[in-house]
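What follows is a short report on a single structure.
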Amino acid sequence: MTQEQRDAGQCAAAGSAVERVFALLGKRWNGVILASLMSGPGRFVELRRAVNGISERVLSDRLAELGTAGLVSREVDAGPPLRVSYRLTPAGEALRPALEELTQWAGRFLPESEQGGCPSLREPETADAASA
C-alpha cells in the first residue's frame, strides 16, 4: 500500500467517524440534552425546563433517539406516583471531556450576543491584537 492510499484511507475513516458523531450530536437539542444530564439524572419535566425552547414532543423524540444510540437510559419507578427519569449511560458519560472542551471553545470563539439568543462567530485573536 502506498502512502497516498494510506492517507486516503485515514481521511475516509476520520470523515466517517466525524460524520457519525455530528449526525447524532449535531442534531438540534441533542448536545444540550446530554449536557443537562451531565449533572445527574433528570425527570422529563426537569429536562423540559433545562432545555429552553424545546417542545415536549421533540424532547421525547430526542430522548428516544439518544437512548437508541446508547447514550441515555430511561428508568421507570412504578411509584406511586409513576416517575420516569433519564440518565447518561457509560457511553454518554464518556462524552463529558468532549463536551467540556466544546464548552470552553464556545466560550472563547462563540461569545453570547448582547441581545441573547444564538452566539455570533468572531475571529480568533492574533498575537498582535492580544498584545495591544
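The values are calculated or read from the model by the stated rules, or taken from the named source; none is laboratory data. This is a predicted model, so every value here is computed, not measured. Glycine also receives a Cβ, built like all others from the backbone with ideal geometry; neighbour counts cover every protein chain displayed.
Is at least one residue of the range 61-70 at pLDDT 95 or above, in a loop (DSSP other than H, G, I, E, B), of a type outside the set (A, V, I, L, M) and more than 18 Å from residue 91 (Cβ to Cβ)? No, that holds for no residue.
Residues that are at pLDDT below 95 and touching a Ser or Thr at 6+ places or on another chain (Cβ under 8 Å) within the range 77-123 comprise 77, 110, 111, 113, 119, 120, listed in sequence order. Every condition in (1) surrounded by fewer than 11 Cβ atoms within 10 Å (Cβ to Cβ); (2) modelled with pLDDT under 95; (3) in a helix (DSSP H, G or I) is met by residue 57 except one, and the failing one is (2).
Going residue by residue through the range 35-43, is there one that turns out to be in contact with a Phe, Trp or Tyr (Cβ under 8 Å, 6 or more places away or on another chain) and in a strand (DSSP E or B)? Checked against the condition, which is being in contact with a Phe, Trp or Tyr (Cβ under 8 Å, 6 or more places away or on another chain) and in a strand (DSSP E or B), the range 35-43 yields at least one hit.
From 15, 79, which residue is surrounded by fewer than 12 Cβ atoms within 10 Å (Cβ to Cβ), part of a loop (DSSP other than H, G, I, E, B) and more than 12 Å from the chain's Cα centre (by Cα)?
Exactly one of 15, 79 is surrounded by fewer than 12 Cβ atoms within 10 Å (Cβ to Cβ), part of a loop (DSSP other than H, G, I, E, B) and more than 12 Å from the chain's Cα centre (by Cα), namely 79.
Filtering the range 41-92 down to residues that are in contact (Cβ under 8 Å) with a residue 24 or more places away in the chain and among the acidic types (Asp, Glu), which residue is farthest from residue 24 (Cα to Cα)? Top of the filtered list is 75.
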